[in-house]
Each structure stands twice: as structure tokens, then as C-alpha cells.
Amino acid sequence: MRWFFQAMLISTLFVLLSSAAYAQLPVCENQTLDYHPANIQNIQALPDTADFSVLVWNSYKGQNQGWTEQLEQFSQQADFMLLQEASRERMLAWSEGPQWHQYQAIAFEWLGDGLGVMNLAKFASEENCLALSTEPWIRVPKSALLQLYQWQQQQLLLINMHSINFTLSEEDYLRQLQLLGPWLAGYHGAVILAGDFNTWSSARLAVLEQFITAHQLKTVRFKPDRRTRFFGKALDHVFYRGLRVNQSESIVTESSDHNALLVHFRFAKR
């Protein structure tokens, strides 16, 4: 009987720890997301917590030739796909779309199309939150999408970020990052924060690094590093905690103005 009580104790502790992490998430006041569930007949197998992969890519609104074929290739390699500058119309027209749960944080509507960050996953999220920040000069919003996933007795906070671009002051840049603060501070499980952070200056990069350090996140390194650069600075990043990196890769592509990032993670042992 001893093994039975030990199993019950471990199970109870896991539930309490998981519930605590989940309960500490702040209430989201804006959950207006564009959500298209996967077709039950086409849905893919759940990712393995021992080794799951995340793709990060600014898709440039799907404007470039070969974009659909490139996305299909990426979809064969990833369990989660985090897109920036995603086009709602092009994603709805994508033939492989029904295999994925698609969540889009619409930043703005343009000529009947919704644009913003989008997360694609093989199963539905537990909680979602949309955060918008307006570009100070051109007044066009940028979006961030925060999601909590739970599978195989593990939890993952997944954050897709597209940072504001057209400003010389770091104050607005920092203010957008601080919108994520309550989630990162209130959640103590595994986290991935990734996206296009528009770190085209040393000052912006310093602000981002201070924010990452304050929230005890680690930086994914890429060797060779083929990330897209502006003024010599990489624009796209992946940060994490509560996980291990098995492999990371930056992928050159002509079907967007950004190269893609693919990272294979594993949950760290408790």
C-alpha cells in the first residue's frame, strides 16, 4: 500500500503546484482574439513534452512569392508556430490551416484583412490574453499574444511579441514590454517569450536585456547566427525559463523579409 500513498502524494503535490502557477495569472481584460479551431478530422498528434519544437517567424503578411510553400515546410518541423505580421485572409486560405488551432491577436484591420501576431498549436490553449501597443509616430498598433498551454502534466506560458518600431525613445519600447510583466512575475512555470523585438539599436537591446534579466529568462543562442539584422543588430529573439534547449537553428528564407527561428525544447526536471 505504501506505493499507493506515495503516488497519491506526488499527484496531489503536482496538482497544487500547477494550480498555484495557474491561479497567479492576472485577469486579462481584453481577450478579443480571432480563433479558428483545428478540424477534428485533421488535427495532429500532441507534441511530446520530452522534445517539442517552436518556430518563430515574421511572415511579412505572406506577401512574398513562395510563402505558402515555406510555411508548409515549417509546419512539418514545429509543434507550435509563432508568426508576426500574420495575415488573417492568407492564413484562412492556407490548405494546411485546418490541422492547427489558430489564435490571432488582431492589431488592426487593413483593406478587409486582419493583421497581427498569430500562434498556431496542435491543441487548444487554457487561457489567452491580447496586449496592444500603438506606434507613437504612425499610430498603427503592434500586438502581443500570451497563452497558457497544458498537456501531459506540464504547463507552458507561450508569449508571441511584435515590438513597436518607429520611435527614437526607449520609453515607449519599455512600456510595451512592461505589459507582459504581470504574467511573467505571476507565473512560475515554464515560459517561452519570442518574436520580432525590433532591436535595431544598442539602446533598445539594452532595455530588452534588462527586462529579460529581471524576469529570470535565458536567451537562445544560434550558431551559425543567420537572424535578420538591421544596423547590424538581430531583430528576432527567443527567451525561456523552466526548459532546456536541445537544438536551435536560424533558417534563411526568401519568402519573407525575416529569416525564421526553430528551437527544440525539453521541460526541465522539477
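Observations on the structure shown:
- By accessible area, using a 1.4 Å probe on protein heavy atoms only, segment 112-270 has 50% of its surface on carbon and sulfur.
- Between ASP51 and GLU171, full extension at 0.36 nm per residue minus the direct alpha carbon distance yields a gain of 39.4 nm.
- Separation of the VAL252 and ARG229 label points, Cα + 7 Å toward Cβ, nm: 1.4
- Taken about its Cα centre, segment 52-104 carries a charge dipole of roughly 160 debye when the Cβ of each Lys and Arg holds +1 and the Cβ of each Asp and Glu holds -1.
- When nucleic acids and ligands are ignored and a 1.4 Å probe is applied, ILE40 ends up with an accessible area of around 140 Å².
- By accessible area with a 1.4 Å probe, ligands and nucleic acids excluded, highest first: order of VAL140, VAL117: VAL140, VAL117
- Cα gyration tensor category, rounded, prolate or oblate, for segment 58-171 with a/c compared to 1.5: oblate
- Note that segment 173-270 presents 47 Å² accessible area per residue, ligands and nucleic acids not counted, probe 1.4 Å.
The values are calculated or read from the model by the stated rules, or taken from the named source; none is laboratory data. Predicted model only: the values in this text are computed from it and were never measured. Note that each Cβ is placed from the backbone with ideal geometry, even for glycine, and that neighbours are counted across all protein chains shown. Surface accessibility is based on the protein's heavy atoms, side chains included, excluding ligands, DNA and RNA. Shrake-Rupley method; radii C 1.70, N 1.55, O 1.52, S 1.80 Å.
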